[in-house]
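Read-outs: derived from the displayed coordinates by stated rules, not from any lab. Please read all numbers here as calculations on a predicted model, not as lab measurements. Positions of Cβ are generated from backbone atoms using ideal geometry, with glycine treated the same way; all protein chains shown enter the neighbour counts.
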């Protein structure tokens, strides 16, 4: 708990002076004011994060948290739990979705086993296993409060290490069969909306499977009675180890003033937990895309950010973050490289 | 007219066999079917265009058409016409919006003076000037039908040359003070919507300026009575030389079966003219982003494509195309590089 408490205490505000300087610079560029839209907003926010208007990314890292979820035994998924270990095992080879797209954009992957049920023998996978998958949350808490804290702190440590090694732009990703169920449960605790609006088919459930998934989420919340004003209670009772680890990543990046990108629905649920622990963490977050999962738009609105991409993607793994990285780089380039209206004699 | 007629006759259908093969391959990859959303749709469409599922881009080119618009003398813009020549003159140096973003994504620029009012002495700018800006469309046609055809054919020739030199992914861009006015006029001819819904502030008009712009567009259409079922009539009466040139780019790319990306509102108006001349040209078009210009969503819906990015951008120049290029490349990479479910033993 000490590392988490320290990390939370380090998360601060954006540098208003640097943001004003960035706005002045953006308005001086050879274009109508504001006409580069979101790129300008990103450039300004990056200035607020780093304290400089002149930014660049020398080491982009996507941190992928892999974990299993005990609730899968209720039959809420279209793939079995074993797939978590199989796909995670392929990740270091760069042949899963995020591996291919990370290579395209020049980002490095850090794959973390924070709670996969099977044994992963790939040495390139960081072993931070808290437990071999959570418990079935329809029968009680998915994990203990202490395990949730340890998972968050594992995420903080992995992220702090990446930053110490030079990471200056961080993406978030996950792999875990059943994790749209846990993410939907977290969203259900915080959103007023009905389960019909926020629970989706995940990897591809049938109509019957979807109804069952909603019922399982309703029951998990009813059995555990998570307390919305205690995010660690919500996370431990109806969350997952991947979500906990990524919450740690968001908090660590924010505490070190490093920009961090939200991926899809699960990553967004982790960002929401991080924000419930420390609202100022939002200052360091960027939103890559809006997932095709039905709760995604609601979740992004609750987080209070705007997505850059609208690609109907719902794979997770950090694929949206990879695609957002060139956009973030574009934002740094316009403010550094564009000529000014003064150059044009205006 | 001969080149245009020939070009139109070459535009054909997508290769259904290759698209089916691509779909089978996409469904075999290590991910839930369809979970990469728009990336999968792009990969499939590219297969339909090239006839192969295995695609890559070795030379990305953004073609930028620069031209002035006589209607600017009515006071419909927040910048004077002289800015067209000034900004276009800076483009070869890579310091305008599209220059910076094209460098980021490894795309080459082809800047075409298709009708700038001033003299451009940069040797790197391709001189295809049809006339030094169009006539004031509130008093009669912006250009003759013959001039419109010549401008389209100039666009075809420039694009054919780029393709002959190896371009295998083409973006479209423009620079021309007053060209949201001409684009809105074209949209007004084809859309049932009122001018209030489709005419916006362009580079930054005041409330008064916006009302005047709507009135000028209404008057231009009233004076010229463009015939919606004759796209060359619409283009010549209330269009612009940049729009005509880009219509040529869309048609040339389609005729050579090369994917071509729509940028923002003006590029979209050119795509609409191209589609009115040959509906099958849509088979080769991709939509990069939805511009913040109010008519943009309407225009994209009429074109019948979905944008990839939602960045509130409205600079034009081809900036949206540059940002879309890594996404198009991502689509080619997933189908080529991802492992399959069979590899995972599923």
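A point 7 Å from Cα along Cα→Cβ stands in for residue A:219, and the other copies hold the same point at 7.2 nm, listed in rising order. With contributions of -39500 (n - 2.57) from each DSSP H run of at least four residues, the per-residue ellipticity at 222 nm computed over chain A stands at -15500 deg cm²/dmol.
Neighbour counts of C-beta atoms inside 10 Å place B:5, A:182, B:340, B:181 in the sequence B:5, B:340, B:181, A:182, starting with the fewest. Using a 7 Å projection from Cα along Cα-to-Cβ, the label point at residue B:118 is separated from the same position in the remaining copies by 6.6 nm, smallest value first.
Sorted from closest to farthest, the other copies place their residue A:5 label points 8.5 nm away, with each point set 7 Å from Cα along Cα→Cβ.
The GNM of chain A, with springs linking C-alpha atoms under 10 angstrom apart, assigns the highest mean-square fluctuation among A:243, A:262, A:303 to A:303. Temperature 4 °C, viscosity 1.567 mPa s: under these conditions the Stokes-Einstein estimate for segment B:285-337, based on its Kirkwood radius over C-alpha pairs, is 110 µm² per second. Distance between the pseudo-spin-label points of residue A:197 and residue B:56 (7 Å out from Cα toward the beta carbon): 4.8 nm. Normalised by 2.2 N^0.38 Å, with N the number of residues, the alpha-carbon radius of gyration of segment B:161-318 equals 0.98.
Rounded to the nearest 0.05, the FRET efficiency derived from the C-beta distance between residue B:121 and residue B:207 at R0 = 45 Å is 0.70. Between residue A:78 and residue B:302, the distance separating the two model label sites (each 7 Å from Cα on the Cα→Cβ line) works out to 3.7 nm. Rounded to the nearest 10 degrees, the inclination of helix A:37-50 to the longest alpha-carbon principal axis of chain A is 90 degrees. Relative to the longest principal axis of the Cα atoms of chain B, helix B:241-255 runs at roughly 20 degrees. Largest mean-square fluctuation among A:18, A:247, A:66, in a Gaussian network model of chain A whose springs join Cα atoms under 10 Å apart, belongs to A:18. Taking every DSSP beta bridge that has both ends in chain B, the antiparallel portion is near 5%. Mind jotting down the distance between the C-alpha centroids of segment B:274-346 and segment A:232-307, whole Å? Going from one Cα centre to the other spans 27 Å. Estimated translational diffusion coefficient (Stokes-Einstein, Kirkwood radius over Cα pairs, 20 °C, 1.002 mPa s) of segment B:98-209: 130 µm² per second. Sorting the Cα pairs of segment B:149-215 by distance into bins of 10 Å, from 0 upward, gives 17, 35, 25, 19, 4 percent per bin. The order of A:184, B:9, going from fewest to most other C-beta atoms within 10 Å of their C-beta, is B:9, A:184.
For chain B, just say rounded, prolate or oblate: build the C-alpha gyration tensor, square-root its eigenvalues into a ≥ b ≥ c, call rounded for a/c under 1.5, and beyond that prolate if a/b exceeds b/c, oblate if not. Prolate, since a/c reaches 1.5 and a/b exceeds b/c. Against chain A, whose longest principal axis is taken from its Cα atoms, helix A:265-277 shows a tilt of about 80°. Is the C-alpha gyration tensor of segment B:217-306 telling us rounded, prolate or oblate? Criteria: a/c under 1.5 is rounded; beyond that, a/b larger than b/c is prolate, otherwise oblate. Oblate. Can you work out D for segment B:67-157 in µm² s⁻¹ from Stokes-Einstein, where Rh is the Kirkwood radius over C-alpha pairs, the temperature is 4 °C and the viscosity is 1.567 mPa s? Rounded to a whole number, D works out at 91 µm²/s.
Taking the convex hull of the alpha carbon positions in segment A:33-80 and averaging its projected area over all directions gives 6.9 nm². For Cα pairs less than 8 Å apart in space and 6+ apart in sequence, what is the mean separation divided by the residue count of chain B, i.e. the relative contact order in percent? So the answer I get is 25 percent. Given springs between every Cα pair under 10 Å in a Gaussian network model of chain A, which of A:203, A:253, A:269 has the largest fluctuation? Highest fluctuation among the options: A:203. Put a dot 7 Å past the Cα of residue B:165, heading toward its Cβ, do the same for residue B:145, and the two dots end up 3.4 nm apart.
Size descriptors for the protein assembly as shown (Cα atoms only): Rg and Dmax, in that order, 26.1, 78 Å. Of the beta bridges in the protein assembly as shown, as assigned by DSSP with both residues counted there, near 5 percent are antiparallel. Rounded to the nearest whole angstrom, the semi-axes of the ellipsoid equivalent to segment B:39-118, taken from the Cα gyration tensor as √(5λ), stand at 34, 16, 11, largest first.
Classified by the C-alpha gyration tensor, segment B:4-58 has a prolate form. Its axis ratio a/c, with a ≥ b ≥ c, is 1.5 or above, and a/b is larger than b/c. The residues A:192, B:280, when put in order of fewest to most other Cβ atoms within 10 Å, stand as A:192, B:280. Cβ-Cβ distance of residue B:5 and residue A:108, R₀ of 56 Å, FRET efficiency by 1/(1 + (r/R0)^6): the value works out to about 0.60. Annotation for segment A:68-137 versus segment B:39-89: alpha-carbon center distance of 41 Å. Across peptide B:311-320, the mean count of Cβ atoms from other chains lying within 10 Å of each residue's own Cβ comes to 6.
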